[in-house]
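Read the figures in this text as sums done on the coordinates, not as results from a lab. The structure displayed is predicted, hence computed values, not measured ones. Cβ sites come from the backbone with ideal geometry, for glycine too, and all protein chains shown count toward neighbours.
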């Protein structure tokens, strides 16, 4: 009868225990307090011989101290919390790059929390980041919780707002100058011969940047009533039918040279898609200019004219303002508005 071979499962080996300060102290023949002093102050508080022994023990045991534990002992975590409304929005990603660059240059790390446009999660995000001992917050959110309570809770930490104001805000605020940017967009269209204008935006929903742009659009039209007329269309996500109806209505007056201004890159792409389905040529059948200069803007049709936001500088400025607050600057809340930049392309071709 053939013999059976029984295969035994390999024995599981327990993971190697993490080297501790106690191990280093034992190896160097010193106390744990001495090792701690070396980690926090180098050889400044120790004799050359003892510092050398501790350093050799750390190298021999390959000991890696916890950055969080070290920073908390010094009373600082070196962490900054960034809360954004929608990380899929190109604007948020671009601002994040600027924030990270400025923080890295100043020796800080960024922890990102995306609330996916769920305003109810805003305070949850701040609470979660606070548990990581962040030293301050950069908020690109609607301030919904603040508007409900009128007492935004930042757990005693400084905060800087980007792009979106909060109700009764007492924080530094960094944003595009929306009024001047909208004026730039409207005047560009008028100079190119467009007379029937439509501002297409995501639902205003108490989002300050959307409201500011829509208000500026209405003011521009009112001040140029002899040259142009205009209307606003708020387009909910996935409501392509309503957007198509708005565009068809606009396109019924070709003699007035219709044109669209979009509130951000999300809406620009949505409008360009509907225009393509209608068989319209940008710059010929309809004009199009959008806020935010996405990397794909030059590639669609004849190229889409944009109002580029200084996103990198917005992120850098927000980080610098927050770091100044963290490091003790005491000033009244600041409002910093940066200028946009017009980038003309074929979608607003002159007559």
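Points worth noting:
- A Förster distance of 41 Å, applied to the separation of the beta-carbon atoms of residue 277 and residue 336, puts the FRET efficiency at 0.50.
- Here the average projected area of the convex hull drawn through the C-alpha atoms of the chain stands at 30.6 nm².
- Rounded to 5, percent antiparallel among DSSP beta bridges of the chain: 5 percent
- Burial ranking of peptide ranges 243-249, 109-115 (average Cβ count within 10 Å, highest at the top): 109-115, 243-249
- Using alpha-carbon coordinates, inclination of helix 265-277 to the longest axis of the chain, degrees: 50 degrees
- FRET efficiency, residue 239 to residue 211 (Cβ-Cβ, R0 22 Å, nearest 0.05): 0.65
- Average Cα contact separation per residue, the chain, under 8 Å, 6 or more apart, as relative contact order %: 17 percent
- Cα pair distances of segment 21-65 binned at 5 Å [whole percent]: 5, 29, 40, 23, 3
- On Cα atoms only, tilt of 32-41 relative to the major axis of the chain in degrees: 40 degrees
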